[in-house]
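S.K.: Below you will find the structure I want to go over with you.
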Amino acid sequence: MSVIAISAWSHCHGEEIARRVARKLNFRSLGPELLGEVADRWQLPLPKLVAALGKQQTLLGVTPRERRRLLAYLEAAVLEKLAQDKVVTWGLGAHFYVMGVSHVLKVRLVLDWEARVRAMMEEGGMNEAAAAKALKKEDEARARMAHEIYRKQEDDPTLYDLTINLMQIDIEQAVEIVAEAVQHKRFKPMTFSRKLMKDQVLATQVKAELFSRHPDAQVSADGGQVLVTVPAVRRDQEKKISAVRDLARKVKGVASLKVEVVNDFLEEAAESMR
Amino acid sequence: MSDTLEVLVLDDEPIVGKRLKPALAKVGCAVEVFDSPAAALARIAEKEFDVVVTDIRMDEIDGMQVLEAVNRKSLRTKVIMITGYAMMSLAREAMEKGAFDFIAKPFTPEDLREVIGRAAQALRSPAEPPSALAG
Amino acid sequence: MPDDKQPAEPERGQAATVEGRYERIKAAEAARQALLTRPRFSFRTQIFLGFFLAFLFSFGIATSMVITIYLVENKMKFLEIASEYVTEIQQARRFEKNYFLYGTNLQDALEQVYLAKTILEKNSDELLRVAGDKRDSMIIPHLQRYEELLKRLAALESEPDSPRLNQKKKEIEMEVRQHGQEMVSFAQDVMTKEKESMARMVARSRNIHVLSFAVASIFMVYIAYFLGSSLLGTVNRFQGYAQRIAAGDFTPITPIRRFRDEFTELAITINQMLQELEAHEATLVQSHKMRAVGTLTAGVAHELNNPLNNITLTAHALLEDYREMNDDDRREMLGDLVNEAGRAQSIIKNLLDFARESGAQVEPLDLVALLKDTTHLAANQIKLSGIKMEFSATDNLPRVHGDAQQLQQVFLNLILNAMDASPKGGKIQVLVVPADEPNFVAVKIIDFGSGIPEHILGSIFDPFFTTKTKGKGTGLGLSVSQGIVAKHGGRIMVSSREGQGSTFSVVLPITTLPARIGGNMPRSGALS
Ligand SMILES: Nc1ncnc2c1ncn2[C@@H]1O[C@H](COP(=O)(O)OP(=O)(O)OP(=O)(O)O)[C@@H](O)[C@H]1O
Ligand SMILES: [Mg+2]
């Protein structure tokens, strides 16, 4: 069966709707609780992982590089679960990295600002000004993340299959609409979309595996054939290729592996200056 | 696979038919090959196939029309779409119109045999809705 | 950049590009030299010179006026003196007459003579100037003689018993009368002469003033006209440059006049600006081309999947059944592999050829072949959007002179525009035919799509004018195309009916009228 990815700003009933849709369809719900698992699996600091998604701020914040690293692991973990089908995912940014997969129904929930501020006030017990301020800060952090990592505007409706305005449609009905929509034949998995998903899983896993040593590696996969592109200075290229090979081979499902090196002009220039 | 599966393969690239015919015959399919959509449609009108494999992007008549023609003829027939122009919207359209599966080119003969195997399975247990890849 | 993909080819492209740039820099430098080596005759100098001449002229007039006035003044003074003198003499003569007639006192006459003498003495210099040597030869001797005679008469009077008194008196009387007469007539004579000369002088000075006023006006008008027309002419000329630059002709400005002036610096600056503009334009054209390539790659990538699929299926068939096959089958399959690989290559080659940075290589081109390539390039993309393309051409058309890549870019832009305007199931016609005017060939790209509303028809060639959404159109397609076609000495024309479709016609001169690409050489029209 299909997968549902729900995207919403905070305090837009994303979690509630996701859980209820999952219950209704007998799907698994995949939300931020996965973060703990991810942190354990790769020994990552959980608060930073949360911050990397643009959700809560840590004291020192996350550098772009760190964010890419944390998200590489997260993507690998999320996609692994999504490939198992019958999942409703929310709060993990999945809608960004399953964009082209036809059996993922991408839903955007919208709620107007005042309602969100009220929800925030109730939840945090703050006054209106503080709630609005906190909410604004959060939205901005997330928008920055979306642009920095995925070059996308999260609230662009053309990214989604379905957008539901919760000011006009109540939660009950929204759950129904989503559950119904996913039954359409067009969201059924097929060899093509299945393959895309599998390749995506593979690529993110290789990427996560490589990240600590080769953060600049770009990975793509096609039918189990993995292509890794890494920058390297000319004389280190052989070494780099074999290092990447050794790491990437460890990942299950890699049928064949091709490593391409592009000349690292910057590094070369920097070296020649030394 | 005891009884033979009646398969029609349509692609305006003649090599596709030439290679798929023996590849599918191996697993006990009776394959008819066409590289002209018009001729294939005429044949579909005559005979109810178990499986139709069709390219989407062809001149004159496209694969979607073939899919519709097959559906008109018999809802039992499983249609497998193969295309070099695989895009999310096209794939979804094909599924919505009742395609059994959608495969992007390039694919291997084994890939197709696998899908046809699943189609055969679905044909044998028609009670279940053809949820191709369930489970 | 295709460099890393096709190592041999790009070098040619690169070299040509470098050469093209070098040519352009050389042309600009030549223009600069030509502009600078002329002798300098600046507008500042011209204006200064004009005013200086005008000043000299009026200074001359003023001087002559002052002199004339001075002269007239002198004459008047002299006439005053002369008339005083004449009055004294006449008075003396009256006394003298009385003496002779009634024997009155001679002393009064002598008194008057004495006065006249003082007048003469006081003004002897002036008298000299006016009367010349007559002063010493006539006036003064007459007066002295007259005085002497009067004195003698007076002496005679003082001794009344002298013999022959009466006779002596008679003799003196004669002489006195003669001298007195002459003195008066002479003085009057001088006075008339002076009066006449003064009248002449006044008349002459009036004439001079009238004349010099006329001359001054003519001179001023001439200077104003000369400066004005050369200034205005130059300004107009530069306006012409601006227009042709705006139309995309980046030929450097070359000298027209024999002298260098302030506008020379302007021309040099404009030439520098042109060089930069051209470099920028080249980048713009290239980046727009890469965008078009981006649009096409979707179609091309998909098209590539067909030969790839054929190769995959064939290779797997060989792998699976190699042993059971006979030689002929194997040979056939290997042949298929080779053919399909070639097909894949040709699909990419076309696109890569087009994507490569243009080096402005001008050569005689077969437009029909060029358009076949172009339509082929766009064919997949067009098929993808479910649009039919029809191509037809007149046989044996003459060649045009141009840069294949750039013209291909123009036609591709027009075809992509037509594609965007056409509905699914629509049709695009591409025609290559002789143009209405002789020596031109026309390429017509006709669509039956949305058409262009009347009110925006005037702006579609403007840079950045687009009706498409942000990701879809930059609005540079037509502007870039127009620039390229203008450089080829051609034109793009459009006719459109809203809701019925549009026809874009590109007319290009055939090889007998070679156009210059890259804007290195002056175009005949631009600099005359
Ligand atoms: N064949 C046509 N039919 C209808 N409108 C057209 C056609 N060609 C051009 N236009 C109009 O002229 C505008 C400008 O075209 P132009 O090619 O300069 O830019 P664009 O197509 O919008 O952007 P780009 O070429 O960068 O994709 C278009 O946005 C469109 O409105
Ligand atoms: Mg355009």
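S.K.: Looking only at residues that are assigned to a loop (DSSP other than H, G, I, E, B) and not aromatic (Phe, Trp, Tyr) in the stretch B:76-90, which one is nearest to the other protein chains (Cβ to nearest Cβ)? Can you show your working first?
M.R.: Filtering the stretch B:76-90 down to residues assigned to a loop (DSSP other than H, G, I, E, B) leaves B:76-77, B:84-87.
Pick out the ones that are also not aromatic (Phe, Trp, Tyr) and you get B:76-77, B:84, B:86-87.
Details: B:ARG76: 16, B:THR77: 16, B:GLY84: 3, B:ALA86: 6, B:MET87: 8 Å.
Among residues in the stretch B:76-90 that are assigned to a loop (DSSP other than H, G, I, E, B) and not aromatic (Phe, Trp, Tyr), the one nearest to the other protein chains (Cβ to nearest Cβ) is B:GLY84.
S.K.: OK, next. Condition check: surrounded by 15 or more Cβ atoms within 10 Å (Cβ to Cβ), of a type in the set (Lys, Arg) and either touching a residue at least 60 places away in the same chain (Cβ under 8 Å) or more than 13 Å from ligand 2 (Cβ to nearest atom) (or both). Does C:LYS470 satisfy that? Give the steps one after another, and end with the answer.
M.R.: Working: surrounded by 15 or more Cβ atoms within 10 Å (Cβ to Cβ): no; of a type in the set (Lys, Arg): yes; either touching a residue at least 60 places away in the same chain (Cβ under 8 Å) or more than 13 Å from ligand 2 (Cβ to nearest atom) (or both): yes.
No, not satisfied.
S.K.: A further question follows. Which of the residues belonging to the stretch A:95-152 are of a type in the set (A, V, I, L, M) and within 14 Å of chain B (Cβ to nearest Cβ)? Even if it seems obvious, please write down each step before you answer.
M.R.: First, the residues of the stretch A:95-152 that are of a type in the set (A, V, I, L, M): A:98-99, A:101, A:104-105, A:107, A:109-111, A:115, A:117, A:119-121, A:126, A:129-132, A:134-135, A:141, A:143, A:145-146, A:149.
Scanning the stretch A:95-152 gives A:VAL98, A:MET99, A:VAL101, A:VAL104, A:LEU105.
S.K.: Out of curiosity, is A:ALA115 in contact (Cβ under 8 Å) with a residue 12 or more places away in the chain, farther than 26 Å from A:GLY36 by Cβ and open to solvent by less than 10 Å² (accessible area, probe 1.4 Å)? Walk me through it before giving the result.
M.R.: Working: in contact (Cβ under 8 Å) with a residue 12 or more places away in the chain: yes; farther than 26 Å from A:GLY36 by Cβ: yes; open to solvent by less than 10 Å² (accessible area, probe 1.4 Å): no.
Spelling it out, it is not the case that A:ALA115 is in contact (Cβ under 8 Å) with a residue 12 or more places away in the chain, farther than 26 Å from A:GLY36 by Cβ and open to solvent by less than 10 Å² (accessible area, probe 1.4 Å).
S.K.: Scan the stretch B:11-25 for residues that are open to solvent by 40 Å² or more (accessible area, probe 1.4 Å) and either among the hydrophobic types (A, V, I, L, M, F, W, C) or in contact (Cβ under 8 Å) with a residue 12 or more places away in the chain (or both) and report the count. Walk me through how you get there before you give the answer.
M.R.: Narrowing the stretch B:11-25 to residues open to solvent by 40 Å² or more (accessible area, probe 1.4 Å): B:12, B:14, B:18, B:21-22, B:25.
If we keep only those that are either among the hydrophobic types (A, V, I, L, M, F, W, C) or in contact (Cβ under 8 Å) with a residue 12 or more places away in the chain (or both) too, we end up with B:12, B:14, B:18, B:21, B:25.
The number of residues fulfilling the criteria is 5.
S.K.: Then there is this: Filter the stretch C:440-452 for residues that are more than 9 Å from ligand 1 (Cβ to nearest atom) and more than 23 Å from C:HIS488 (Cβ to Cβ) and give the result.
M.R.: C:PHE448
S.K.: Still on this structure, please answer the following. I'd like the residue in the stretch C:480-491 that is under 30 Å from the mean Cα position of the chain (by Cα) and within 11 Å of ligand 1 (Cβ to nearest atom) and, out of all such residues, is farthest from C:HIS280 (Cα to Cα). Step through it out loud before you land on a result.
M.R.: Going residue by residue through the stretch C:480-491, those that are under 30 Å from the mean Cα position of the chain (by Cα) are C:480, C:482-491.
Filter once more, so that each one left must be within 11 Å of ligand 1 (Cβ to nearest atom): C:480, C:482.
Details: C:VAL480: 12, C:GLN482: 16 Å.
Residue satisfying both the conditions and the ranking: C:GLN482.
S.K.: Right, here's the next one. Would you mind finding the one in C:ALA317, C:ALA344 that is hydrophobic (A, V, I, L, M, F, W, C), under 15 Å from B:PRO106 (Cα atoms) and within 10 Å of another protein chain (Cβ to nearest Cβ)? Working first, answer last.
M.R.: Values: C:ALA344 fails: within 10 Å of another protein chain (Cβ to nearest Cβ).
C:ALA317 is the lone residue from the list that is hydrophobic (A, V, I, L, M, F, W, C), under 15 Å from B:PRO106 (Cα atoms) and within 10 Å of another protein chain (Cβ to nearest Cβ).
S.K.: To continue, here is another question. For C:LYS117, indicate whether it is within 18 Å of C:GLN188 (Cβ to Cβ), open to solvent by less than 60 Å² (accessible area, probe 1.4 Å) and in the same structural domain as C:LYS195 (by TED's automatic domain parsing). Reasoning before the result, please.
M.R.: Working: within 18 Å of C:GLN188 (Cβ to Cβ): no; open to solvent by less than 60 Å² (accessible area, probe 1.4 Å): yes; in the same structural domain as C:LYS195 (by TED's automatic domain parsing): yes.
In short, no.
S.K.: Hey, another quick one. Filter the stretch B:66-90 down to the residues that are buried (at least 22 other Cβ atoms within 10 Å of the Cβ) and within 13 Å of A:MET190 (Cβ to Cβ) and list them by number.
M.R.: B:LYS78, B:VAL79, B:ILE80, B:MET81, B:ILE82, B:THR83, B:ALA86
S.K.: OK, next. Of the conditions (1) assigned to a loop (DSSP other than H, G, I, E, B); (2) modelled with pLDDT of 85 or more, C:GLN239 clears all except one; give me its number.
M.R.: (1)
S.K.: How about the stretch A:15-99: which helices (runs of 4 or more DSSP H) wholly inside it have at least 1 residues that are open to solvent by 60 Å² or more (accessible area, probe 1.4 Å)? Before the answer, list the steps.
M.R.: Details: elements: A:34-42, A:46-52, A:64-82, A:94-97.
Passing ranges, in order: A:34-42, A:46-52, A:64-82.
S.K.: Just the residues that are open to solvent by 30 Å² or more (accessible area, probe 1.4 Å) and either modelled with pLDDT under 90 or within 14 Å of ligand 2 (Cβ to nearest atom) (or both), please, taken from the stretch C:437-455.
M.R.: The initial filter retains those residues of the stretch C:437-455 that are open to solvent by 30 Å² or more (accessible area, probe 1.4 Å), namely C:437-440, C:444, C:448, C:450, C:454-455.
Scanning the stretch C:437-455 gives C:GLU437, C:PRO438, C:ASN439, C:SER450.
S.K.: Considering each of C:ALA214, C:ALA224, C:ALA246, C:ALA242 in turn, give the residue that is open to solvent by less than 70 Å² (accessible area, probe 1.4 Å), over 28 Å from C:PHE59 (Cβ atoms) and among the small types (Gly, Ala, Ser). Break it down into steps so the answer makes sense when it comes.
M.R.: Values: C:ALA214 fails: over 28 Å from C:PHE59 (Cβ atoms); C:ALA224 fails: over 28 Å from C:PHE59 (Cβ atoms); C:ALA246 fails: open to solvent by less than 70 Å² (accessible area, probe 1.4 Å).
The conditions single out C:ALA242.
S.K.: Let me ask something else. What pairs can you find where one residue is in the stretch C:123-151 and in the same structural domain as C:GLN90 (by TED's automatic domain parsing), the other is among the basic types (Lys, Arg), and their Cβ atoms are less than 6 Å apart, with a gap of 6+ or different chains?
M.R.: Short answer, once both residue conditions are applied: C:LEU127/C:ARG135; C:LEU128/C:ARG135.
S.K.: Here's a follow-up. If the requirement is being of a type in the set (Asp, Glu) and in contact (Cβ under 8 Å) with a residue 24 or more places away in the chain, which of these qualifies: C:GLU73, C:GLU88, C:GLU80?
M.R.: C:GLU88
S.K.: Scan the stretch C:280-307 residue by residue and report those that are at the interface with chain B (Cβ under 9 Å from one of its Cβ atoms) and buried (at least 20 other Cβ atoms within 10 Å of the Cβ).
M.R.: Matches in the stretch C:280-307: C:GLY299, C:HIS302, C:GLU303, C:LEU304, C:ASN305, C:ASN306, C:PRO307.
S.K.: Can I ask one more? Given the conditions (1) open to solvent by less than 70 Å² (accessible area, probe 1.4 Å); (2) at pLDDT below 75; (3) not basic (Lys, Arg), and given that C:HIS142 satisfies all but one, which numbered condition is not satisfied?
M.R.: Going through the list (1) open to solvent by less than 70 Å² (accessible area, probe 1.4 Å); (2) at pLDDT below 75; (3) not basic (Lys, Arg), C:HIS142 breaks only (2).
S.K.: Another question about this same structure. What number of residues in the stretch C:209-253 are among the β-branched types (Val, Ile, Thr) and in contact (Cβ under 8 Å) with a residue 12 or more places away in the chain? Show your work before the answer.
M.R.: So the first thing to find is which residues in the stretch C:209-253 are among the β-branched types (Val, Ile, Thr), and the list is C:210, C:215, C:218, C:221, C:223, C:234-235, C:245, C:251, C:253.
In the following step, the residues that additionally are in contact (Cβ under 8 Å) with a residue 12 or more places away in the chain were identified as C:215, C:223, C:234, C:245, C:251, C:253.
The total comes to 6.
S.K.: Condition check: away from every other protein chain (no Cβ under 14 Å), under 36 Å from the mean Cα position of the chain (by Cα), more than 11 Å from ligand 1 (Cβ to nearest atom) and farther than 16 Å from C:GLN409 by Cβ. Does C:ILE510 satisfy that? First the steps, then the outcome.
M.R.: Values: away from every other protein chain (no Cβ under 14 Å): yes; under 36 Å from the mean Cα position of the chain (by Cα): yes; more than 11 Å from ligand 1 (Cβ to nearest atom): yes; farther than 16 Å from C:GLN409 by Cβ: yes.
The answer is yes for C:ILE510.
S.K.: When you check C:GLY477 against the structure, is it modelled with pLDDT under 90, open to solvent by less than 60 Å² (accessible area, probe 1.4 Å) and within 11 Å of ligand 1 (Cβ to nearest atom), yes or no?
M.R.: Judged against the criteria, C:GLY477 is not a match.
S.K.: Evaluate the stretch C:369-383: report whether one residue or more is within 16 Å of ligand 2 (Cβ to nearest atom), buried (at least 19 other Cβ atoms within 10 Å of the Cβ) and either within 14 Å of chain B (Cβ to nearest Cβ) or more than 30 Å from C:ILE311 (Cα to Cα) (or both).
M.R.: Yes, there is a match, as at least one residue in the stretch C:369-383 is within 16 Å of ligand 2 (Cβ to nearest atom), buried (at least 19 other Cβ atoms within 10 Å of the Cβ) and either within 14 Å of chain B (Cβ to nearest Cβ) or more than 30 Å from C:ILE311 (Cα to Cα) (or both).
Condition check ((1) touching a helix residue (DSSP H, G or I) at 6+ places or on another chain (Cβ under 7 Å); (2) at pLDDT 95 or above) across all residues:
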| site | (1), (2) |
| --- | --- |
| C:LEU313 | yes, yes |
| C:MET325 | no, no |
| C:ASP328 | no, no |
| C:VAL338 | no, yes |
| C:SER346 | no, no |
| C:ASN350 | yes, no |
| C:ASP353 | no, no |
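S.K.: Looking at (1) open to solvent by 70 Å² or more (accessible area, probe 1.4 Å); (2) modelled with pLDDT under 90; (3) not aromatic (Phe, Trp, Tyr), find the lone condition where C:ARG491 falls short.
M.R.: So the condition that C:ARG491 fails would be (2).
S.K.: Just a yes or no: is a residue in the stretch C:389-406 within 16 Å of ligand 1 (Cβ to nearest atom), within 14 Å of chain B (Cβ to nearest Cβ), open to solvent by 50 Å² or more (accessible area, probe 1.4 Å) and at pLDDT 90 or above?
M.R.: Here is the first cut: in the stretch C:389-406, the ones within 16 Å of ligand 1 (Cβ to nearest atom) are C:389-390, C:406.
Now restrict to residues that are within 14 Å of chain B (Cβ to nearest Cβ): C:389-390.
Keeping just the survivors that are open to solvent by 50 Å² or more (accessible area, probe 1.4 Å) gives C:389-390.
Cutting the leftovers down to at pLDDT 90 or above gives us C:389-390.
Yes, because at least one residue in the stretch C:389-406 is within 16 Å of ligand 1 (Cβ to nearest atom), within 14 Å of chain B (Cβ to nearest Cβ), open to solvent by 50 Å² or more (accessible area, probe 1.4 Å) and at pLDDT 90 or above.
S.K.: Now for a different question. In the stretch B:91-117, how many residues are open to solvent by 10 Å² or more (accessible area, probe 1.4 Å) and more than 9 Å from every other protein chain (Cβ to nearest Cβ)?
M.R.: 2
The values are calculated or read from the model by the stated rules, or taken from the named source; none is laboratory data. For clarity, every value in this text was computed on a predicted model and none was experimentally measured. Virtual Cβ from ideal backbone geometry, glycine too; neighbours counted across all protein chains shown. When the accessible area is computed, the model is the full protein with side chains, heavy atoms only, and any ligands, DNA or RNA have been set aside. Shrake-Rupley method; radii C 1.70, N 1.55, O 1.52, S 1.80 Å.
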